[in-house]
Amino acid sequence: MDNEFFLAADALWLDLVNTSRHEGRADRLGDVAAWHRWTRACQLPSGAGSEPLRRVHQVRTALGELARALADGGHVPGGAIDMVNALLARLPGHERLVREAGTWRLRFASRDVSPALEAVARSAAATLAEPDAVVRRCSNPACGRYFVDRTAAGTRHFCSELTCGHGRWADRRRGVLA
Ligand SMILES: [Zn+2]
């Protein structure tokens, strides 16, 4: 994995949201080439070019509103849910019989390579449908990235201990909490 993108949100859709411009940080998906690089970095099927960049940004904006609502405990925006459902509805596929280890199994098979945005939508749906998945915003106020806290005690406060968990922000936070 290269370092162009922050990909440690523990949820693909939040990795996408985290490419957004934030204070001093530029938009990481400023052009189609960057979108291609992001899908490659996330090991998503190529076919990224089938989505216009404007659409990618629309989806990212809606998911950003969803992430903010979940992190702040606010009202989940219906538009974001509709958009996720619309993307899920595009998933093409069929069931087929396959022979595995001497037995027949019924498998769901995608007709096409699943486009990247549909994988992002599946990720958002999975987070929403997972009761234990807690979406948080990084406690470094200059950062603003989102992530899923999967620690049993709910103790993940930073997107990355390396970039945000150390130094003055962590010190300041400890000072505030002390
Ligand atoms: Zn952070």
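The values are calculated or read from the model by the stated rules, or taken from the named source; none is laboratory data. Keep in mind it's a predicted model, so treat the numbers as computed, not measured. Heads up, the Cβs are rebuilt from the backbone with ideal geometry, glycines too, and the neighbour counts pull from every protein chain shown.
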Of the residues in region 122-163 that are at pLDDT 90 or above and part of a helix (DSSP H, G or I), the one that is surrounded by the most Cβ atoms within 10 Å (Cβ to Cβ) is ALA124
Pairing a residue in region 77-97 that is over 15 Å from ALA119 (Cα atoms) with any residue that is aromatic (Phe, Trp, Tyr) and outside any helix (DSSP H, G or I), where Cβ atoms lie under 7 Å and the two sit 6 or more apart in sequence or on different chains, gives GLU95/PHE108; LEU97/TRP104
Screening LEU44, LEU66 for residues that are modelled with pLDDT under 90, closer than 18 Å to GLU118 by Cα and out of contact with any strand residue (DSSP E or B) (no Cβ under 8 Å at 6 or more places or on another chain) leaves only LEU44
- Message: Given the criteria touching a residue at least 24 places away in the same chain (Cβ under 8 Å) and on the phi > 0 side of the Ramachandran plot, does GLY102 qualify?
- Response: no
When TRP169 is run through (1) at pLDDT 85 or above; (2) of a type in the set (A, V, I, L, M, F, W, C); (3) within 16 Å of the ligand (Cβ to nearest atom); (4) surrounded by 12 or more Cβ atoms within 10 Å (Cβ to Cβ), the failure sits at (1)
When VAL76 is run through (1) surrounded by 15 or more Cβ atoms within 10 Å (Cβ to Cβ); (2) not in a helix (DSSP H, G or I), the failure sits at (1)
